[in-house]
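K.L.:
Quick one: structure below, then a few questions.
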Amino acid sequence: MVLFRGENREDKVTDQARATEAPAEVRDAGPDAGHASSRPADPEVKATRRRFSAEYKLRILREADACAPGEVAVLLRREGLYYSRLKLWRQQRERGELEALVRRRGPAPSPDTQIAAENEKLRGEVTRLRERLERAEAVITVQKKLSQLLGVALPEDERAGGDL
């Protein structure tokens, strides 16, 4: 061991021991260190169960039905699915479970409700247009007064519409 000026033998031995030692988290982990069951779960790596919508399932089933026998495997690899899942979805389709999931839940809207919603929408539009008309009439009134003050006569064809 070579010592340089200002170094002690103890410092050199301690530095060498640290260099050959395992990291603190491995040292302090205990006798079962390295086993998956003893490690705390990494919060960033979390397996999640995939959920498929009924529309997706029906689309994949339609594509699988249109495929030739060898092409189904290509479809499944592309989508990241197993054949057992495709088989389960086919069974669900035969039982009518998938079509039931596609339909919207809740009571069907009655025609009266649709008409009332359309009437409410139209009432709002009428109110908005009336406010706009009032503003336009105010602007026209101001323009008429301004033209009278300045002595500028308005052309006859603009006045032909009459007062609003």
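K.L.:
Divide, for the stretch 111-159, the radius of gyration over alpha carbons by 2.2 N^0.38 Å, where N is the residue count.
P.N.:
Here the answer is 1.94, to two decimals.
K.L.:
Also, I was wondering about something else. Treating cross-link reach as a plain straight distance, find the lysines whose alpha-carbon is under 17 Å from the alpha-carbon of residue 87, omitting any fewer than eight places away in the same chain.
P.N.:
Result set, ordered by chain and number: 57.
K.L.:
Computed over the Cα atoms of the stretch 54-102, what is the convex hull's projected area averaged over all directions, in nm²?
P.N.:
Its average projected convex-hull area is 3.1 nm².
K.L.:
Can you classify the stretch 41-82 as rounded, prolate or oblate using the Cα gyration tensor, where a ≥ b ≥ c are the square roots of its eigenvalues, rounded means a/c under 1.5, and otherwise it's prolate if a/b beats b/c and oblate if not?
P.N.:
oblate
K.L.:
I need the calculated FRET efficiency for the pair residue 88 and residue 115, taking r as the beta carbon distance and R₀ as 35 Å, to the nearest 0.05.
P.N.:
My answer for the efficiency is 0.20.
K.L.:
For the stretch 54-102, what is the charge dipole size about the Cα centre, in debye to the nearest 20, if Lys and Arg each add +1 at the Cβ and Asp and Glu each add -1 at the Cβ?
P.N.:
Charge dipole, the stretch 54-102, about its Cα centre: 160 debye, nearest 20.
Every number in this text was worked out from the coordinates using simple rules, so none of it is lab data. Only a predicted model underlies this, so the values are computations on that prediction, with no experimental measurement involved. Cβ: placed from backbone, ideal geometry, glycine included. Neighbour counts: every protein chain shown.
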